[in-house]
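Participant: The following block contains the structure, expressed as structure tokens.
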Amino acid sequence: MGRAGFREFGVSLGGALDPHALRVANLLAGNEESAAGLEITFGGLRLRFADDRIVVWSGGNFDVRIASTPLPVGHPVLVRGGEEFTIDSPAGGCRAWLAISGGIDVPVVLGSRSGDLRAGFGGVKGRLVRDGEEFPLGENMPRAKVLIEKLRTEKIARWKPPHDWSSPTRRSPVLRYLRGADSGRFVESALQHFSSEGFFVSPDSDRMGIRLDGARLERSEDVDLLSEAVAPGTVQVPPSGKPILLLNDCQTIGGYPKIAHVITVDLPIAAQLSPGDRIRFSEVSIRDAHALLLERERNLEQFRRGLEPHFK
Amino acid sequence: MLIRVAENFDQAPIDVLNNVLATKSALEAAQIPGVIELAPAYTTVALFCDPVRAIDAGAPIEDVFGWLEQRIQQALKSVAAPKAFGADRGRAGDNVPAYNSIEVPVCYDQEFAFDLDEVARTAGVHLKEVVDLHCGADYRVHCVGFTPGFPFLGGLPRQLATPRRDVPRKEIPAGSVAIGGRQTGIYPIKSPGGWNVIGRTPLQLFDPQKDPPVLLRAGDRVRFRSITREEFERATK
């Protein structure tokens with residue numbers, strides 16, 4: 001879920017680019033919602049399990065199989081020791097999250113198991129998972145053990161969360177935003193372009209940020225700004241005029257003017273963007289942004305309560 | 001939320017720094033519900049909060065920020081114009097931001113100092129004078145960022161100011177001490193970067209296994225000391 005609390009030391013938030021998707025998957029797998037899972041970009045992963053686990057995946061439009069049986073998104077499944085989990089390249093979106101009962105048991109560093117690939121710590125040895133790598137899983141919680149027994153015969157659970165919650169890919173994505181702290185430093189036409197024109201996702205995008213191609217966003221003044229805080233969701237505009245939407249691995253401070261801030265509930269949409277995708281931005285009020293976040297959290301709370309019978 | 005402590009930095013950088021630090025500690029002490037963390041920078045303190053927690057603590061859904069703003073203003077009432085700064089950490093009083101004084105040994109050998117020539121040329125002085133000037137000044141950490149533990153230091157002698165490189169280097173080794181415009185800083189981990197590298201320190205600036213994970217934090221006072229290659233090697237063993 002990322003590493004909050006260390007921004008003043010320059011440590012990035014990190015964690016799943018769609019924390020909500022991983023939280024939902026964790027709850028379905030009988031984990032604490034903050035258990036460590038795997039983020040899979042563009043698929044192409046094969047995992048073999050050493051023992052019986054509940055597994056749930058969420059994210060883009062992937063073909064996922066357990067021992068050649070298709071596994072639909074958001075459905076808990078019992079994977080037996082020795083069985084293989086495979087995930088192919090996506091037909092839509094680009095990322096998936098995998099929750100495994102017991103969670104991935106890598107050491108907690110600075111309060112989190114998230115990998116910081118730029119600084120090289122946390123996660124699995126501070127880097128991407130490699131071919132042939134083995135990593136430890138935590139012990140199944142009692143609720144996961146209950147589910148394992150229940151799924152002995154049917155294997156794949158028939159229940160799942162509402163569609164939106166586990167698969168946020170959109171055909172024409174719109175990201176809602178609040179005006180950024182420096183929106184006044186842009187010419188009026190730049191602000192208009194930003195909210196009316198589409199932008200294309202550039203290939204040199206990564207977990208630090210999504211670089212966008214489109215209308216050049218002109219500033220009304222050419223002064224060097226002093227660095228100040230940036231965060232996942234910040235849209236900053238370097239001198240090239242091409243905006244960058246910052247994501248979880250972004251640095252903690254930046255000196256480019258901030259034209260906008262994408263709201264938290266829409267960051268999962270950003271997490272699915274691939275090079276060439278077209279997106280639009282649409283302004284919302286802070287009040288609506290807070291109401292949307294509150295609604296999501298209340299729904300998640302209700303969902304969590306609704307799951308209880310499955311774990312008894 | 002960004003709390004802007006000062007509009008102008010250059011006129012009185014140390015006053016602004018002290019104000020930023022006082023603002024941050026006052027906000028920390030206030031323990032405003034929903035606040036996750038505070039991140040100081042040159043003229044600002046960024047307040048990160050979870051609106052849902054603030055709402056659970058009584059903030060109205062239609063105006064969470066207004067509710068927070070009230071509490072922020074309340075907390076900052078006690079931040080008077082800072083006068084009593086300068087206590088070493090450990091004997092700091094209420095609302096007096098404390099800092100550490102740290103000496104950073106630097107080996108300015110050619111092998112480590114990719115851009116020492118360039119800095120000397122820009123300043124119009126000999127290489128040794130660059131080292132003397134760099135070691136002769138008092139620096140303060142204004143903020144930490146870019147990479148974990150990277151200190152942005154103010155206090156560079158004006159003569160040494162050197163524009164950033166047009167083309168950033170793809171890889172700058174950990175411990176590199178560098179000048180970017182009117183600031184100096186230290187690369188804690190191997191990373192790309194556009195500053196002019198003038199030496200290397202054997203000190204480890206970022207260690208995620210430690211608490212706090214950084215050697216230098218906002219407010220700390222720094223001096224550089226020139227060391228020989230032998231001393232550098234001994235220190236890194």
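Participant: Quick one: give the max-minus-min coordinate of the C-alpha atoms of segment A:262-312 along each principal axis, largest first, in Å.
Facilitator: Per principal axis, max minus min of the Cα coordinates gives 46, 29, 9 Å.
Participant: Let me ask another. May I ask which residue of A:PRO268, A:SER282, A:LEU300 lies farthest towards the positive end of the charge dipole of segment A:261-312, with charges of +1 (Lys, Arg) and -1 (Asp, Glu) on Cβ and the Cα centre as origin?
Facilitator: The Cα lying farthest towards the positive end belongs to A:LEU300.
Participant: What number, in percent, do you get for the relative contact order of segment B:101-236 if the mean sequence gap of Cα pairs under 8 Å and at least 6 apart is divided by its residue count?
Facilitator: 35 percent.
Participant: Amide H to amide H under 5 Å from A:GLU283: which residues, 5+ apart in sequence or cross-chain, H placed 1.01 Å off N in plane?
Facilitator: Here A:TYR177 satisfy the definition.
Participant: For the pairs B:LYS128/B:LYS237; A:LYS258/B:LYS170; A:LYS150/A:LYS312; A:LYS155/A:LYS312; A:LYS125/B:LYS190; B:LYS170/B:LYS190, note any where the Cα-Cα span goes beyond 19 Å.
Facilitator: B:LYS128/B:LYS237; A:LYS258/B:LYS170
Participant: Determine the relative contact order of chain B: mean sequence separation of Cα pairs under 8 Å and six or more apart, normalised by residue count, in whole percent.
Facilitator: On the way: 479 pairs, mean separation 46.3, N = 237.
Once normalised by length, the contact order is 20 percent.
Participant: Counting other beta carbons within 10 Å of each Cβ, put A:MET141, B:MET1 in order, fewest first.
Facilitator: Working: A:MET141 19, B:MET1 15.
Ascending number of Cβ neighbours within 10 Å: B:MET1, A:MET141.
Participant: Another question, if that's okay. Where in segment A:143-165 is the amide nitrogen less than 15 Å from a point lying 7 Å along the Cα-to-Cβ axis of A:ARG80?
Facilitator: Within reach of a label on A:ARG80: A:148-156.
Participant: So for segment A:174-296, what are the equivalent ellipsoid semi-axes in whole Å, largest first, each being the square root of 5 times an eigenvalue of the Cα gyration tensor?
Facilitator: Semi-axes, largest first: 20, 17, 15 Å.
Participant: Any chance you could check the Cα centroid distance between segment B:124-168 and segment A:59-86 for me, in angstrom?
Facilitator: Here the two parts' Cα centres lie 54 Å apart.
Participant: Could I ask something else about it? Taking the Cα centre of each part, how many Å lie between segment A:209-255 and segment B:1-42?
Facilitator: After rounding, the separation between the Cα centres reads 22 Å.
Participant: What is the distance in Å between the Cα centres of segment A:122-199 and segment B:179-230?
Facilitator: Cα centres, segment A:122-199 to segment B:179-230: 35 Å.
Participant: Could you line up B:CYS49, B:CYS143 from fewest to most neighbouring Cβ atoms inside 10 Å?
Facilitator: Ascending Cβ contact count within 10 Å gives the list B:CYS49, B:CYS143.
Participant: In debye to the nearest 20, how big a dipole does segment B:12-84 give about its Cα centre with +1 on each Lys and Arg Cβ and -1 on each Asp and Glu Cβ?
Facilitator: 320
Participant: Give the residue from A:GLY241, B:ILE198, A:GLY132 lying farthest towards the positive end of the charge dipole for the protein assembly as shown; charges sit on Cβ (+1 for Lys and Arg, -1 for Asp and Glu) and the dipole is referred to the Cα centre.
Facilitator: Positive-most Cα among the choices belongs to A:GLY132.
Participant: Counting other beta carbons within 10 Å of each residue's own, what order do B:LYS237, A:LYS150 fall into, fewest first?
Facilitator: B:LYS237, A:LYS150
Participant: Provide, for q = 0.06, 0.09 Å⁻¹, the log10 of I(q)/I(0) from a solvent-free Debye sum over equal Cα point scatterers in chain A.
Facilitator: -0.21, -0.47
Participant: Hey, another quick one. Run the dipole for chain A about the Cα centre, Lys and Arg Cβ at +1, Asp and Glu Cβ at -1, nothing else charged, and hand back the magnitude in debye, nearest 20.
Facilitator: Here the size comes out at about 760 debye.
Participant: List the aspartates and glutamates whose Cα lies under 12 Å from the Cα of B:LYS24, skipping any in the same chain that are fewer than 8 positions away.
Facilitator: Reachable aspartates and glutamates: A:GLU8, B:GLU37.
Participant: Run the dipole for segment A:36-152 about the Cα centre, Lys and Arg Cβ at +1, Asp and Glu Cβ at -1, nothing else charged, and hand back the magnitude in debye, nearest 20.
Facilitator: The calculated dipole for segment A:36-152 is roughly 160 debye.
Participant: When the Kirkwood radius is taken over all Cα pairs of the protein assembly as shown, what Stokes-Einstein diffusion coefficient follows at 25 °C and 0.890 mPa s, in µm²/s?
Facilitator: It diffuses with D of about 97 µm²/s by this estimate.
Participant: Turning to a different aspect of this structure: Please give the per residue volume of the convex hull enclosing the alpha carbon atoms of segment B:103-237, rounded to a whole number of Å³.
Facilitator: 97
Participant: DSSP loop (so not H, G, I, E, B), at most 12 other Cβ within 10 Å: list which trypsin sites (Lys or Arg not before Pro) in segment A:216-308 pass both filters.
Facilitator: A:ARG216
Participant: Now for a different question. Work from the charge dipole of chain A (Cβ charges, +1 for Lys and Arg, -1 for Asp and Glu, about the Cα centre) and give the residue of A:SER172, A:PHE311, A:GLY74 farthest towards its positive end.
Facilitator: Result: A:PHE311, furthest along the dipole toward the positive end.
Any read-out appearing in this document is the output of simple, stated calculations on the displayed coordinates, not a laboratory observation. A quick note: this is a predicted structure, and the numbers were derived from the prediction, not measured. Neighbour counts are summed over all protein chains in view; Cβ atoms, including those assigned to glycine, are modelled from backbone coordinates with ideal geometry.
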